[in-house]
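Undergrad: Structure incoming, see below.
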Amino acid sequence: MKLDWVDKLSKVVEVKGGISSGDVNTKVEVYPATYEEFAEVVRLCAEEKLKAYVHGFNAHHIGKNVFADVGISTLRLNKVIEISEEDLYVKVQAGASFRELKEELKAHSLTVPFNYGGSVGGFASTNLPSVFTSLGYPKDWLLGAIVVTGLGEVVKSGSTTTKFSSGYKIWKVLSGSLGWLGAYAELNVRLLPYFEYHFEEVKDHERAFKDRALGVIGVKVGGEVKKFAVKKGDGEKLEIPEVFDFSILTIRGKEFEEIEGVNADFCVAYYGLGIVRCLGGTPPKGKKLVKERGCEGDCFNANYTSLKLLKKSLDPEGVFFDVI
Amino acid sequence: MIEELRKIVGDKWVITGEERKLYSFDGFTAVSGEPSVVVLPGNEEEAVEVLRYLFSRKAKVVIRGSGTSLSGATVPLQGEVVVAMTRLNKVYSVEGYEIEVGPGIANAMVTKSAPKDLFYAPDPSSYVVSSIGGNVSHDSGGMRVVKYGPTFNSVLSLKVILTNGEVEEFTPSPFFNPTSIFVGSEGTLGAILRARLKLVPKPKARKTIVGVFQTVGDASRAVVGIFKAGVVPSALEMMDKTSVSIVERSRYKAGLPLAHVLLIELDEDLEESIARVVKVIRDNDGEFFEPEDDAPYWNARKGAFPAMGVVSRAYLTLDCNVPRAKLPLILSKVEEMSRNKGVTIANVFHAGDGNLHPLIPFDPDDKASLRKAIEVGSEITELAISLGGVPSGEHGIGLEKVKFLERYYNATDLEVMERIRKAFDPHGLLNPCKSFLKEKCQPKDEVFRWLWEWD
Ligand SMILES: Cc1cc2nc3c(=O)[nH]c(=O)nc-3n(C[C@H](O)[C@H](O)[C@H](O)COP(=O)(O)OP(=O)(O)OC[C@H]3O[C@@H](n4cnc5c(N)ncnc54)[C@H](O)[C@@H]3O)c2cc1C
C-alpha cells in the first residue's frame with residue numbers, strides 16, 4: 001500500500017524502506033542531505049501528524065522501543081566543516097561518524113576525549129559516559145549546535161567559544177534527551193591536543209583519581225571487581241562495551257559502593273561520573289535507575305514539569321518520538 | 001501584600017523605606033531602577049512561600065543573589081519585588097565529589113567548605129562575594145574556564161521553583177536533565193533554590209609564567225601559539241599596558257613591568273608545558289619570568305576591575321568573546337578606536353578563552369561621556385560578533401546587551417527562545433525587559449535608548 005504521506009516525503013527527500021531492529025522500528029527511512037530538507041521533513045511530519053525518530057547509525061538506542069512512522073537518518077549530513085587548531089573546536093555535521101572524525105582530528109594532533117562508535121549527533125544526544133571519567137560528560141564538550149525543532153525551524157544555539165552567556169542553552173538541554181526535544185543538524189565540539197592512553201590496574205581508585213588520572217573505572221565480571229586508571233601514554237587498552245541494559249545513578253565518588261552490590265553479568269563503574277552501567281542480571285530495587293534497553297514506562301526517572309515545558313516550546317506538535 | 005510578606009519572613013526582612021533603594025542597581029552602575037519592595041527570605045521554605053505568594057498575585061519579580069551582575073541583570077526596571085536569596089547560604093551536604101548548597105552562598109565558601117584536597121573550579125574574580133545562584137544564572141566564567149569549563153560544567157543538578165509554584169528537584173542524571181536550561185537563564189525561568197556542584201581534585205602543583213610583550217599583537221599571537229603548541233593552561237590572562245599602568249597605581253600593584261602582560265598558569269605535565277610556553281613567548285618577541293611567589297600577580301589581575309577607580313569613578317565592562325585566533329585583529333582595532341575617539345580603553349581579560357573585557361571609563365555626572373562610552377562599547381561588541389564572536393562570554397545579556405541579540409541571532413532563533421521563556425513564565429513575571437527577548441521594552445530615558453536602540 002502506498003501511503004499519501006510517503007509520496008509527499010519523496011518530493012522533499014530520499015525515502016527508503018523502514019527498519020525493524022527490535023528496539024527501533026520505522027515505516028520509512030528518510031535521508032535529508034541539507035538542513036532545509038531536514039526541516040522540511042519535520043514540518044511535513046507535523047502537518048501529517050506523523051511520529052519521527054532521528055538517528056545516525058542506530059547503534060545506541062536507549063529508552064523505550066521505538067515505533068515511529070518516519071526514521072530520519074542523519075547519515076547524509078556527514079561533513080567535517082571546520083577544524084580549528086587555534087581555538088580547539090570542530091564544526092561537524094550530526095551524521096558524521098565519530099570514529100572517523102577522531103581519525104581526522106588525529107591528523108591535526110587533536111582529539112575529542114571520548115570513545116563512541118556511532119554518529120556525532122548520537123554522541124551528543126546520548127551523552128554517555130566514557131572511560132576518561134575526570135573529563136566529564138559529552139554535554140560539557142558541546143560548544144554550540146544547529147538544531148532542528150519539532151516545528152521544522154533551523155536554529156543556532158551556542159557558539160564555538162568556550163564561554164557563552166548569550167542565550168538559553170538549548171543545545172545543552174538536547175544533550176542526553178535522545179532526540180526527544182529536537183534534533184542536532186550540526187555541532188561545535190571542544191577539542192584537546194591529541195593524547196595516547198592506556199589502562200593500568202590499580203588498588204586505590206580514590207588515590208588514582210586524586211592523582212588526576214584521565215579517568216578511573218571499575219569492571220565487574222562474575223562477581224569480581226577490577227579497578228583501572230586511565231593514564232596518558234600508549235599501552236594496553238581495555239575494550240569496554242557500548243551498549244548496556246541498565247544504569248545506576250549515584251553520588252560521584254560512590255560508584256564502587258554501587259558496583260559491589262549489584263547483581264549483573266557485567267558492569268562498569270565510571271568513577272567520578274556518578275554512574276554504573278550493567279549488562280544482564282537484575283536491576284536493584286530502591287536505586288536511581290535508568291533502564292537503557294527493553295524499557296517500558298518510566299525509563300529515566302525524569303517526570304519533570306520543566307521537561308514538559310521544554311517539549312511544549314521545542315516540539316509543540318509532538319513530532320519527535322516519545323523515548324521517555 | 002507587604003503584610004503577607006512580613007508574615008512569612010518577619011518584619012525585619014521586608015524592606016520598604018529608603019533602604020530598599022540599595023537594591024536599585026548592581027555591578028552595572030550606568031543605570032538604576034527602583035524596587036517596590038525587597039524581601040530577604042531566611043531559608044528555603046520561606047523562599048518557596050514568598051515566591052508562591054508573589055507568583056499567585058502575579059507580581060513581577062527580580063531574583064537577586066549578591067547583585068554583582070555586570071550586565072544589570074538584577075536592576076528592577078518596572079517596580080518589581082526584589083527577592084534577594086543571600087540568606088539561603090547553607091551547605092546541605094558534602095559527599096564524594098559533590099557539594100550541595102543554597103543559592104545565596106558565596107562562591108569562595110564552596111571550596112572552603114570542601115575537603116582539603118578538592119576544589120570548586122569556577123572562579124569569577126568576584127568569587128569572594130558573588131553567589132552560586134548568580135554564578136549559575138549567568139553561567140559565570142573566571143580564570144580557569146580555559147581548562148575546567150564555565151560554571152555549566154560544574155553544575156550537576158538544581159532544585160528550582162517555577163512560576164506555577166511547583167518546586168522541582170532534578171536528579172543529577174546525564175539523561176533528560178533540565179538543569180541545563182536553567183544555567184545561564186538569568187533568573188527568567190524560575191528561581192534556583194539549591195545547587196549540587198562538582199568538586200575536582202586539586203592539582204599537585206601549579207606554576208605561573210609571566211610573559212612580557214612590547215606590542216598587543218605579539219602578546220595575542222603568543223596566546224594563540226600556546227594552544228597550537230598543544231598546551232592547555234589552567235589559566236591564561238592578559239593585561240594590556242594601559243591596565244598594567246592603572247593596576248600599578250592602585251592597592252593591587254604587584255611590580256609588573258609597564259608592558260603587555262600574559263599570566264599563564266599551568267597545572268599538569270609541568271616540565272614539558274613550561275618548555276613549550278617559553279618557546280612560544282620567545283618566538284613572539286616576548287620576555288618572561290617565573291615568579292617564586294605568584295600570588296601578587298594574580299591578585300593584581302583579580303583587582304584590575306576595581307583598580308579602575310584610580311582613573312575613573314565609573315566604567316563600562318564589555319564582555320564580548322571572540323575566537324582566540326581573532327584576538328590580534330580585534331585588539332589592534334580596539335587600540336585604533338581608543339586613539340581615534342580619544343577614549344581610554346583598558347584591556348584586562350581571559351585571553352585563553354578569547355573573552356575580552358575592554359574597560360571604558362565614563363564620568364557618572366556627565367551624560368555625554370556615558371553616551372560616548374556606550375557607543376564605543378557597542379562598536380566593539382558588534383565587531384566581535386562580526387568576527388564570529390558572541391556578545392557575552394560570561395557576564396550575561398541582562399539589560400545591557402539586549403540589542404546585540406538581534407545581531408547574533410536571527411528572528412527564528414529568537415522566536416524559539418521566546419517560546420521557552422513564555423512556556424516557563426506565561427505571565428512575564430520574571431525579570432521583565434531583560435535577557436533573551438524577542439521584543440525590547442520601551443526605553444524609559446535616553447540612557448536606555450542609547451543602550452537598546454541603534455543609531
Ligand atoms: C569586580 C567584579 C569582578 C567580576 N568578575 C567576574 C568574572 O571574572 N567572571 C564572571 O563571569 N563574572 C564576573 N563578574 C560578574 C558577576 O560577579 C557574576 O555575574 C556573578 O555570577 C553574579 O553573581 P551574583 O550573586 O552577584 O548575582 P546577581 O548579580 O545578584 O544576579 C545575577 C543574575 O542571576 C539571577 N539570579 C541570582 N540568583 C538567582 C537564583 N537563586 N535563582 C534564579 N536566578 C538568580 C539574577 O536574577 C540575575 O539575572 C564580576 C563582577 C564584579 C563586580
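The values are calculated or read from the model by the stated rules, or taken from the named source; none is laboratory data. These figures come from a predicted structure and were not determined experimentally. Cβ atoms come from the backbone with ideal geometry, glycine included; neighbour counts cover every protein chain shown. Calculation scope for accessible area: heavy atoms of the full protein, side chains included, ligands and nucleic acids excluded. Shrake-Rupley method; radii C 1.70, N 1.55, O 1.52, S 1.80 Å.
Undergrad: Using DSSP H assignments, which helices in chain A have an axial alpha-carbon span of 15 Å or above and a mean Kyte-Doolittle hydropathy of -0.5 or higher?
TA: Flagged H segments are A:35-48.
Undergrad: For peptide B:227-234, what's the mean number of Cβ atoms from other chains within 10 Å of each residue's Cβ?
TA: 3
Undergrad: Moving on. Compute the distance from the alpha-carbon center of the range B:323-387 to that of the range A:204-220, in whole Å.
TA: One Cα centre to the other: 45 Å.
Undergrad: Output the Kirkwood hydrodynamic radius of the range B:156-262, Cα pairs only, in Å rounded to one decimal.
TA: This gives a value of 18.0 Å.
Undergrad: Still on this model: Can you list the HN-Hα couplings for the range A:223-240, worked out from phi with the Karplus curve (6.51, -1.76, 1.60; θ = phi - 60°), rounded to whole Hz and with x for Gly and Pro?
TA: Values per residue, Gly and Pro as x: x, 9, 9, 10, 10, 9, 9, 9, 10, 5, x, 5, x, 5, 10, 9, 8, 9 Hz.
Undergrad: Let me ask something additional. Under 8 Å for C-alpha pairs, at least 6 residues apart: give me the relative contact order for the range B:91-201, rounded to a whole percent.
TA: Reported as a whole number, the value is 33 percent.
Undergrad: While we're looking at this one, here's another question. Summing -39500 (n - 2.57) over the DSSP H runs of n ≥ 4 in chain A and dividing by its residue number, what mean residue ellipticity at 222 nm do you reach, to the nearest 500 deg cm²/dmol? Intermediate values should be presented prior to the final figure.
TA: Working: 8 runs with 66 residues, N = 324.
One gets -5500 deg cm²/dmol as the mean residue ellipticity at 222 nm.
Undergrad: Let me confirm one metric for peptide A:168-178, namely the mean number of other chain beta-carbon atoms within 10 Å of its residues' beta-carbons.
TA: Average neighbour count from other chains, rounded to a whole number: 6.
Undergrad: Report the FRET efficiency, 1/(1 + (r/R0)^6), for A:Asp204 and B:Ser386, where r is their Cβ-Cβ distance and R0 is 51 Å, rounded to 0.05.
TA: The computed FRET efficiency comes out at 0.45.
Undergrad: Carbon and sulfur together cover what percent of the accessible area of the range A:115-223 at a 1.4 Å probe radius?
TA: Looking at the range A:115-223 in its full context, I get 53 percent from C and S.
Undergrad: Tell me the mean residue ellipticity at 222 nm calculated for chain B from its helices only (DSSP H runs of n ≥ 4, each -39500 (n - 2.57), averaged over every residue, nearest 500).
TA: Taking each H run of at least 4 residues, the total per residue is -9500 deg cm²/dmol.
Undergrad: Hey, what's the range A:80-193 come to in accessible area per residue, 1.4 Å probe, Å²? Before the final figure, lay out the partial values.
TA: On the way: 2350 Å² over 114 residues.
Here the per-residue accessible area is 21 Å².
Undergrad: Could you work out the mean projected area of the convex hull around the alpha carbons of the protein assembly as shown, in square nanometres to one decimal?
TA: For the protein assembly as shown, the mean projected area of the Cα convex hull comes to 32.2 nm².
Undergrad: Using a 10 Å cut-off on Cβ to Cβ distances, tally the other chain neighbours for every residue of B:384-390 and report the average as a whole number.
TA: Partner Cβ neighbours, averaged per residue: 3.
Undergrad: I'd like the trypsin sites (Lys or Arg not before Pro) in the range B:240-292 restricted to DSSP loop residues with at most 12 other Cβ atoms within 10 Å, sorted by number.
TA: On the way: sites: B:Lys241, B:Arg249, B:Arg251, B:Lys253, B:Arg276, B:Lys279, B:Arg282; in loops: B:Arg249, B:Arg251, B:Lys253.
Within the range B:240-292, the qualifying trypsin sites (Lys or Arg not before Pro) (loop, at most 12 other Cβ atoms within 10 Å) are B:Arg249, B:Arg251.
Undergrad: Sticking with this one: Please work through chain A and write down the cysteines that have no neighbouring cysteine Cβ at a distance under 4.7 Å.
TA: Taking the Cβ cut-off of 4.7 Å, the unpaired cysteines of chain A are A:Cys45.
Undergrad: Hull surface divided by four, with the convex hull built on the Cα atoms of chain B: how many nm²?
TA: 21.2 nm²
Undergrad: Determine which aspartates and glutamates satisfy two conditions relative to A:Lys232: a Cα distance under 13 Å, and not lying fewer than 8 residues away in the same chain.
TA: Leaving aside aspartates and glutamates fewer than 8 places away in the same chain, those within reach of A:Lys232 are A:Glu196, A:Glu200, A:Asp211, B:Glu268, B:Asp269.
Undergrad: Helix B:216-228 versus the longest principal axis of chain B: what angle, 0 to 90°, nearest 10, using Cα atoms?
TA: The two axes meet at around 80 degrees.
Undergrad: Using the Cβ atoms and a cut-off under 11 Å, what net charge is assigned to the surroundings of A:Gly297, where Lys and Arg are +1 and Asp and Glu are -1?
TA: Charge balance in the 11 Å sphere: 0.
Undergrad: On a C-alpha basis, how far is the centre of the range B:64-122 from the centre of the range A:1-43 in Å? Whole number, if you could?
TA: Here the two parts' Cα centres lie 48 Å apart.
Undergrad: What do the square roots of 5 times the Cα gyration tensor eigenvalues come to for chain A, in whole Å, largest first, as semi-axes of the equivalent ellipsoid?
TA: That gives 34, 24, 17 Å for the three semi-axes.
Undergrad: If one takes the longest principal axis of the Cα atoms in chain B, at what angle in degrees, from 0 to 90 and to the nearest 10, does the Cα axis of helix B:327-341 lie?
TA: 80 degrees
Undergrad: Short version: ³J(HN,Hα) in whole Hz for each residue of the range B:274-285, in order, from phi by Karplus 6.51 cos²θ - 1.76 cosθ + 1.60 (θ = phi - 60°), x for Gly and Pro, what are they?
TA: So the J values, rounded to whole Hz, are 4, 4, 5, 4, 4, 4, 4, 4, 5, 4, 9, 6.
Undergrad: Oh, and also: What ³J(HN,Hα) values, in whole Hz, does the Karplus curve 6.51 cos²θ - 1.76 cosθ + 1.60 give for the range B:247-258 when θ = phi - 60°, with x put for Gly and Pro?
TA: With coefficients 6.51, -1.76 and 1.60, one gets 4, 5, 9, 10, 6, 8, 4, 10, x, 6, x, 6 Hz.
Undergrad: Could I have the simple spin-label model distance between A:Asn303 and B:Asp285, label points 7 Å from Cα toward Cβ, reported in nm to one decimal?
TA: Modelled inter-label distance: 6.8 nm.
Undergrad: Tell me the Rg and the Dmax, in Å, that the Cα atoms of the range B:2-84 produce.
TA: Looking at the range B:2-84, its Cα Rg and Dmax stand at 12.1, 35 Å.
Undergrad: Moving to a separate point now. I'd like the accessible area for B:His260: 1.4 Å probe, protein heavy atoms, all chains in place, Å² to the nearest 10.
TA: 10 Å²
Undergrad: Within the range B:1-154, how many lysine pairs that are 8 or more places apart, or on different chains, have C-alpha atoms less than 25 Å apart?
TA: Value for the range B:1-154: 14.
Undergrad: Normalised radius of gyration for the range A:4-73, please: alpha carbon Rg relative to 2.2 N^0.38 Å, two decimal places.
TA: Scaled against compact globular proteins, the figure is 1.03.
Undergrad: Residues with amide H under 5 Å of B:Tyr92's amide H, sequence separation 5 or more or different chain, H placed in the peptide plane at 1.01 Å from N; which?
TA: B:Glu100, B:Val101, B:Gly102
Undergrad: Related question: At 1.4 Å probe size, with no ligands or nucleic acids counted, give the accessible surface of A:Asp23 in Å², nearest ten.
TA: Per-residue accessible area (A:Asp23): approximately 40 Å².
Undergrad: Calculate what fraction, in whole %, of the accessible area of the range B:203-311 sits on carbon and sulfur atoms when a 1.4 Å probe is rolled over the protein chains.
TA: 46 percent
Undergrad: Please give the peptides B:448-455, B:182-189, A:119-126, B:359-366 ranked by average Cβ packing (other Cβ atoms within 10 Å per residue), highest first, as a rough proxy for protection.
TA: The packing order, highest mean first, is A:119-126, B:182-189, B:359-366, B:448-455.
Undergrad: In the range A:18-108, how many lysine pairs have Cα atoms under 25 Å apart, counting only pairs 8 or more places apart or on different chains?
TA: The result is 10.
Undergrad: Of B:Lys159/B:Lys202; B:Lys403/B:Lys434; A:Lys288/B:Lys198; B:Lys159/B:Lys198; A:Lys139/A:Lys291, which sit over 22 Å apart, Cα to Cα?
TA: Those over the limit are B:Lys159/B:Lys202.
Undergrad: Roughly how many nanometres apart are two label points built 7 Å out from the Cα toward the Cβ at A:Glu196 and B:Ala205?
TA: Going from the A:Glu196 label point to the B:Ala205 one covers 2.5 nm.
Undergrad: Sticking with this one: Round to the nearest 0.05 the FRET efficiency obtained for B:Ala368 and B:Glu4 when R0 = 35 Å and r is the Cβ-Cβ distance.
TA: Computed FRET efficiency for B:Ala368 and B:Glu4 comes out at 0.15.
Undergrad: Give me the distance in nm between label points sitting 7 Å out from Cα along the Cα-to-Cβ direction at B:Val447 and B:Lys333, one decimal.
TA: Roughly 2.8 nm, to one decimal.
Undergrad: Tell me which residues come under 5 Å, amide H to amide H, from B:Arg194 once H is placed; ignore anything under 5 positions away on its chain.
TA: B:Lys159
Undergrad: For the pair A and B, how large is the buried accessible area, both sides, in square angstrom to the nearest 100, if the probe is 1.4 Å?
TA: Summing both sides, the interface buries roughly 6500 Å².
Undergrad: Can I ask one more? Lone cysteines in chain B, defined as no other cysteine's Cβ under 4.7 Å from theirs: which are they?
TA: If one checks each Cβ against the other cysteines of chain B, B:Cys320 turn up with nothing under 4.7 Å.
Undergrad: Separation of the range A:102-123 and the range B:211-226 by C-alpha centroid, Å?
TA: 31 Å
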